[in-house]
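Report on the structure given below.
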Amino acid sequence: MIVPSTTPARVPTGSPARTADAVTAQTLLNCLIREVSAPERQVTIDDDHLLLWLPRRDVLLRVPLRRVSLIGAHRFDGPIRRYDGTSWSTIGWRELAGYIHDELERRTGVANDEFLAQVTDSRNTIHAVLRQRATATPPDDPYLESEQSLVFGHRFHPSPKSRTGDPERWLDYGPETGTRFPLRYLAVRRPLVREEGDLKRLDALHPDERKGYVTLPVHPWQYRLLSDHPGLRRAMAAGDIVDTGVSGPDFAPTASVRTLYQPDADTFLKFSLDVRLTNCVRKNAAYELTGAVALNRLLEPVFAEIGQTHSGSALLAEPGYRSLALDNDLSLLEGFGVIIRTGPRGHLLPGVTPLLAAAIADEHPTSSAHVSHLLARGDGDVLAWWDAYLGLLLPPVLTAYFEHGVVLEPHLQNVVVGVRADGSPAQMLFRDLEGTKLLPEYHRDTLAALPEDVRDPMTYDSERGWNRVAYCLLVNHAAEVLAALADTDPALEPALWGLVRDHLESYSGTAGDPPRLRALLSGVPLPAKANLLLRWSRQADRYAGYVPLPSPLGEGFPREVTR
């Protein structure tokens, strides 16, 4: 049995402002190294420091290292310093962001006048949340605590907590402060409603007796943003839409901000928000509304089969949506579109607690869901815990791709992990059909029956699909949980990667050794989504490119535990 021997990752100490500053600087450094400096071979390790050269800006930086990562996803431990020719001087996140801005502008030949403001906005969001959390009461429910614990966001995104508007206007709706709130409800004449699928869960949340009307739940933040829309005001003045006010049960915002959870009903509602969160304005596009229902119908039998083969796996269904259909106004259709998603509890085995994977892997843990706490509940055997985790995570995703032509998006925010009382993993629940795609060669008849504007965004070719699967599964998810485990004992990292290889090799043998898996097992680079370059180019997520990471999965990679 191998038990943790060192202290795991921790939240930087100090005031909310200092913590926000430190984490923002580290996150920027993560992005710069992964997407620019490491691919250009401008990074080196010097004893317990990382040195980084920005050739176009003629700047040399140095930062202390807490732990070196085999894939370059290092852990830092102290301030960033710049060499001025004779000595090292400390720089903050603003200066680092300025250097990155200048380096990227000279590297790409393209200017971006939004970049620094978005980084600043993200830092200010973290600061505001930390101040609010100082007096907030965390949820009693461990699952909700995990959903609402992601204070610092994606550590490989330059503005992970960028959020439109002054914090005073959104703090009441942000998940990080443990908030809950009731919804606003509109009663809409049935001819003005567009809906598809099974809506029983939605109607049960807030029954309405008005004859000829249908109830439409609305996120209160979104209602405030759209309440002055001329088309909506006209319909309300004519009595076609009745604002019935704020009422009903409280909902809790989850990690995605716009998806709310009602614990008693075990139901999620995924709303549109006309707000930029990280990269994009988070609206349910018209094709996504119809596409969710179509995908759900297709995936129900697929996951029933996968669940029989790989016990402990399930998909949280999205059986229907509802929205407004006023004068073919797309802004209202998309702005008020709400997608229903089933909750995790209907899938759980007895004695199993759901936890968000992102909270389990958080570099700076802020909840009881962190893997260090889970290990402390049991015997602390890191490798046994990781072996069980991989056995639940990898096979369902690979089976979906190789046997069913389904591209899942199992990044940390899209997977709910069921754990036993001793902290050991027991189940993997996959969610959010927005990023789920189909390989056309497997689903020609299904896709042919859909409108073109729904069909095209629902498909990936095999290469694009594989890059997405490999990134989400191995880089975003597995590598980050692995990193949190390695924080408990750095000497374990080779053995942890060895278990990833073992599981991939085992699955490959049962699946006919697909060429893409053979390539992985030969040690080809891993694809990492280029969030910094994507943000710099100001493109939507679907246009994201990938940068290569060194892979520890090759056969000759050292795997023994050294101390």
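Which count do you get for residues in the range 353-387 that are more than 22 Å from the chain's Cα centre (by Cα) and under 18 Å from Ala265 (Cα atoms)?
Result for the range 353-387: 0.
Any idea how many residues of the range 503-516 are more than 26 Å from the chain's Cα centre (by Cα) and touching a residue at least 12 places away in the same chain (Cβ under 8 Å)?
4
Based on this model, can you work out whether Thr108 counts as over 30 Å from Val352 (Cβ atoms), of a type in the set (S, T, N, Q), surrounded by fewer than 16 Cβ atoms within 10 Å (Cβ to Cβ) and in contact (Cβ under 8 Å) with a residue 24 or more places away in the chain?
yes
Please identify the pairs in which a residue from the range 367-378 that is part of a loop (DSSP other than H, G, I, E, B) has its Cβ atom under 7 Å from the Cβ atom of a residue that is surrounded by 23 or more Cβ atoms within 10 Å (Cβ to Cβ) and of a type in the set (A, V, I, L, M), counting only partners at least 6 apart or on another chain.
Listed pairs, sorted by first residue: Ser367/Ala359; Ala369/Leu355; Ala369/Leu356; Ala369/Ala359; Ala369/Ile360; His370/Ala359; His370/Ile360.
Return the residue satisfying two criteria in turn: it lies in the range 517-548 and is among the charged types (D, E, K, R) and surrounded by fewer than 20 Cβ atoms within 10 Å (Cβ to Cβ), and of such residues it is farthest from Leu474 (Cα to Cα).
Arg538
Looking for something of a type in the set (A, V, I, L, M, F, W, C) and either in a loop (DSSP other than H, G, I, E, B) or open to solvent by less than 10 Å² (accessible area, probe 1.4 Å) (or both) - is there at least one such residue anywhere in the range 152-162?
yes
Please verify whether Leu349 is open to solvent by less than 20 Å² (accessible area, probe 1.4 Å) and either acidic (Asp, Glu) or in a loop (DSSP other than H, G, I, E, B) (or both), treating the condition exactly as stated.
The answer is no for Leu349.
For the range 296-320, give me each residue that is more than 20 Å from the chain's Cα centre (by Cα), aliphatic (A, V, I, L, M) and either surrounded by 15 or more Cβ atoms within 10 Å (Cβ to Cβ) or more than 16 Å from Leu429 (Cβ to Cβ) (or both).
Within the range 296-320, Leu298, Leu299, Val302, Ile306 qualify.
Go through the range 35-72 and count every residue that is assigned to a strand (DSSP E or B), more than 31 Å from the chain's Cα centre (by Cα) and more than 26 Å from Leu492 (Cα to Cα).
2
Looking only at the range 275-293, filter to residues that are closer than 18 Å to Arg322 by Cβ and touching a Gly at 6+ places or on another chain (Cβ under 9 Å); which one of those is most open to solvent (accessible area, probe 1.4 Å)?
Ranking the candidates gives Lys283 first.
How many residues are of a type in the set (A, V, I, L, M), in contact (Cβ under 8 Å) with a residue 60 or more places away in the chain and not in a loop (DSSP other than H, G, I, E, B) when one looks only at the range 129-151?
Selection size over the range 129-151: 2.
Looking only at the range 196-218, count every residue that is under 26 Å from Val275 (Cα atoms), touching a residue at least 60 places away in the same chain (Cβ under 8 Å) and surrounded by 19 or more Cβ atoms within 10 Å (Cβ to Cβ) and tell me the total.
Residues meeting the conditions: 5.
Name the single residue that is farthest from Val193 (Cα to Cα) among those in the range 343-388 being among the β-branched types (Val, Ile, Thr) and in contact with a Ser or Thr (Cβ under 7 Å, 6 or more places away or on another chain).
Per the stated criteria, the residue is Val382.
If I ask for residues that are among the charged types (D, E, K, R) and either without any contact (Cβ under 8 Å) to a residue 24 or more places away in the chain or under 17 Å from Leu28 (Cα atoms) (or both), which ones from the range 45-65 would you list?
Scanning the range 45-65 gives Asp46, Asp47, Asp48, Arg57, Asp58, Arg62.
Which members of the range 390-416 meet the condition of being assigned to a strand (DSSP E or B) and within 14 Å of the chain's Cα centre (by Cα)?
Scanning the range 390-416 gives Val415, Val416.
Do you know which of the residues in the range 93-152 that are touching a His at 6+ places or on another chain (Cβ under 8 Å) and aromatic (Phe, Trp, Tyr) is farthest from Gly14 (Cα to Cα)?
Here the residue is Phe115.
Identify, please: which residue in the range 131-151 is among the hydrophobic types (A, V, I, L, M, F, W, C) and modelled with pLDDT under 95 and is, among those, least open to solvent (accessible area, probe 1.4 Å)?
Ala136
Report the residue count in the range 73-128 for those that are touching a helix residue (DSSP H, G or I) at 6+ places or on another chain (Cβ under 9 Å), in a helix (DSSP H, G or I) and of a type in the set (A, V, I, L, M, F, W, C).
Count: 10.
Can you say whether Tyr442 is in contact with a Gly (Cβ under 6 Å, 6 or more places away or on another chain), surrounded by fewer than 22 Cβ atoms within 10 Å (Cβ to Cβ) and among the hydroxyl-bearing types (Ser, Thr, Tyr), as far as the supplied structure shows?
Yes; evaluated as a whole, the condition is true for this residue.
The values are calculated or read from the model by the stated rules, or taken from the named source; none is laboratory data. Computed from a predicted model, the values in this text were never measured in an experiment. Ideal geometry is used to build each Cβ from the backbone, glycine not excepted, and the neighbour counts take in all protein chains shown. The area values use the complete protein model at the heavy-atom level, side chains included, leaving out ligands, DNA and RNA. Shrake-Rupley method; radii C 1.70, N 1.55, O 1.52, S 1.80 Å.
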